Each structure stands twice: as structure tokens, then as C-alpha cells.
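FYI, it's all coordinate maths here, none of it is from the lab. Please read these numbers as outputs of a predicted model, since none were measured by experiment. Here Cβ is always computed from backbone atoms with ideal geometry, including for glycine, and neighbour counts include all displayed protein chains.
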Amino acid sequence: MRNVVIIGSGCAGNTAAIYAARAGLDPLVIKGIDVGGQLSWTTEVENFPGFPEGINGPELVDSMKRQAERFGAYFMDGSVLEADLSKRPFRLNIEGTWQETRTLIIASGASARWIGLPSEQALIGHGVSSCATCDGFFYKGKKIMVIGGGDSAMEEANFLTRFGSEVTLVHRSDTFRASKIMYERAQANSKIKFLTSTVVEEIHDVSLNTVTGVRLRNTLTNTTWNQEVDGFFVAIGHIPNTKVFRGQIETDADGYILSKGGARTSVEGVFHAGDVEDRIYRQAITASGAGCKAAIEVEKLLEAEGH
């Protein structure tokens, strides 16, 4: 029996582990498939407070992990395959082994949707990104490409014009899912160029370990051409990693956990932290803050119950 199990080892999960461990709760942290969360894909983090020279993403996450371990948190490899949240203690199937816990913090994050090209995956953190707020600063005066057709793509493209010399927004269709106001705002921005009915076939150059350009194809004419770009941003949405909990806690239509105030969910004793609930900010610092809140909520609940 555990006092608290934390699912996820990114900024939210690791911060929750630090606070829970310091409170003497001996938390168990399930690392998950994406160990370290989305930050583990980021080569340099310049906007996390306390690091004036910046810090490597994986290094930041590992520092949090070691800090949590120093206070007694235990980290376990693997993922949660099943969960029974129908009554307390909750039961979790971790790679075939069932674990009971009095409370649960879901900090399993959200995974960016990617196009799926091997070159895209190879260059994540080396010119390919899914977060303009995180990485836009690195492309001052450079050519940037954004992929997508929804509000996120419009917002990312507009934001990136603060840095790039030009921003090309590529969409596979000639119609956009974006709201009228977001689309019109992007259209009105003179630094944004639109390429519709166009798909990306390849991102160059894996051999150089950096983005130098892309190969594009017009879906109407089947014409292909190469275009020089320095930064490649994918903005086709995120998928919250909450599938194993669907039907047991309240989520919205996309699977994001619905907050019931603070870090609480619709199930007493189950708390959320980070991108499983946050579809707006999605920053390392907001995830850490959410992890802190969740751990404090756990401590208060267990104390009130006499554990």
C-alpha cells in the first residue's frame, strides 16, 4: 500500500514527487513511456526561472528527479496499463503488477501530434519543435515554417513572427479548422505566408543534425519542390495521456481532465498535474506549479483522514 502514486516523470510529476517526499509520504513515481516528458525532447530551456544561462531540457528533468530521490521518492520504470478508480484504495496495473495506493496524482502529460516522418522524429530538438513559446526565441531573423490549420497553428504562426524574418504556414487542405478571428488575424500579418493544399514529404538535413529545409508537395498538382527553412514547428494538436482513465474520471471531449478546483478531479483522492489538464499554457514552469499543488492537496487529504 502506497500513500501516493504519481504517474509521470516530467516537470509536473517530478515536482509533485519532491513535495510529497519532503512531506514524508514516500511517493512512488511511475516514469511512463516518455521518461522526462516533453522537456526531454528540448535541447535548451531558457525560460525556467533560476537558470540565467539556460539549461538542457533532459538535465533539468534529471535534476528534479535526483532532488525527489534525495527526499525518499522511488522511481519505477514502466507504464500504467489498467486502473481501477472505482473505490479506495485505488488499484493500478503497472506492467502486469498490481499496486494499491490511497491517493493518485495523474501527471502523465500530453503528447504532441506529429506528422510522422522519420526525419521529423530524428530532428526533434534540433530545429523541429511543437512549442513556439518554448523555442521561438532561437529563430531570431530566420525562416520558420508552421504546420497546421487550426487555432493552434494560427496562434503559433503569429507568435513566431516576433522572431522570424518570415513565417510560412503550411496546410494540407485549402480550408481551415481555425476560428474566423484567429484565421483573419494570421491573414492580416504581413510576415505570414500561406501554402495550402500542401504537404511536407521530407525535412532536411538529418545528416547535419539540424533543419536546413523541407521538400513540399502540392496535393492538387502533385508538384514537388524544396524550400529553405531554419525552424520547423508542428501545430496539429496534442493528445492527453489519459486513455487508461477514460470513463473513470471526468474529461472533456479531447480527453483533458476536467478540474474540480485546485488539483482535484471528479474522483476524491485523484489529482491532476500538468498537461493532462492544462491545454492552454503547457510550460515547464506551470507544470511544476501544478505538481506542487497536487502534492499539497494529497498531503492535506491524507492528514485529514489520519494517515
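Numerical summary
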read-out	value
Gyration tensor (alpha-carbon) shape descriptor, segment 254-294, a/c threshold 1.5	oblate
Filtered trypsin sites (Lys or Arg not before Pro), segment 131-223: DSSP coil and at most 11 other beta carbons within 10 Å	140
Cα shape, segment 102-141, gyration tensor, a/c 1.5 rule	oblate
P(r) histogram, all alpha-carbon pairs of segment 1-94 included - 10 Å bins from 0, percent	18, 43, 30, 8, 1
Cα coordinate range in segment 50-184, projected on the principal axes (Å, largest first)	53, 39, 30
Listed values [x] 157; [y] 121; [z] 140, entry calculated as volume of the Cα convex hull per residue in Å³	[z]
Two-decimal Rg/Rh across segment 219-306, once Rg and the Kirkwood Rh are taken from alpha-carbon atoms	1.22
Between 0 and 90°, nearest 10: helix 151-160 axis offset from the chain longest Cα axis	70
Difference of contour (0.36 nm per residue) and Cα-Cα distance, residue 206 to residue 250	11.7 nm
Trypsin sites (Lys or Arg not before Pro) lying in DSSP loop within segment 1-104, provided at most 11 other Cβ fall within 10 Å	87
Förster radius 30 Å - calculated FRET efficiency between residue 140 and residue 280, Cβ distance, rounded to 0.05	0.75
Listed residue pairs exceeding 18 Å between alpha carbons, taken from 143/191; 140/191; 31/293; 31/300	31/293; 31/300
Sparsely packed GluC sites (Glu not before Pro) within segment 256-301, loop by DSSP, other Cβ within 10 Å at most 15	268
For segment 114-234, share of DSSP beta bridges that run antiparallel, in % to the nearest 5	40
Qualifying aspartates and glutamates (Cα of each under 17 Å from Cα of residue 193; at least 8 residues distant if same chain)	151, 155, 156, 166, 174, 184, 228, 230
Within the chain, percent of DSSP bridges classed antiparallel, to nearest 5	45
Cα-only Debye scattering, segment 114-234: base-10 log of I(q)/I(0) at q = 0.22 Å⁻¹	-1.32
Acute angle (nearest 10 degrees) that the helix 57-70 long axis makes with the longest principal axis of the chain, alpha-carbon atoms	0
Rounded tilt (10° steps) of 284-304 against the dominant C-alpha axis of the chain	20
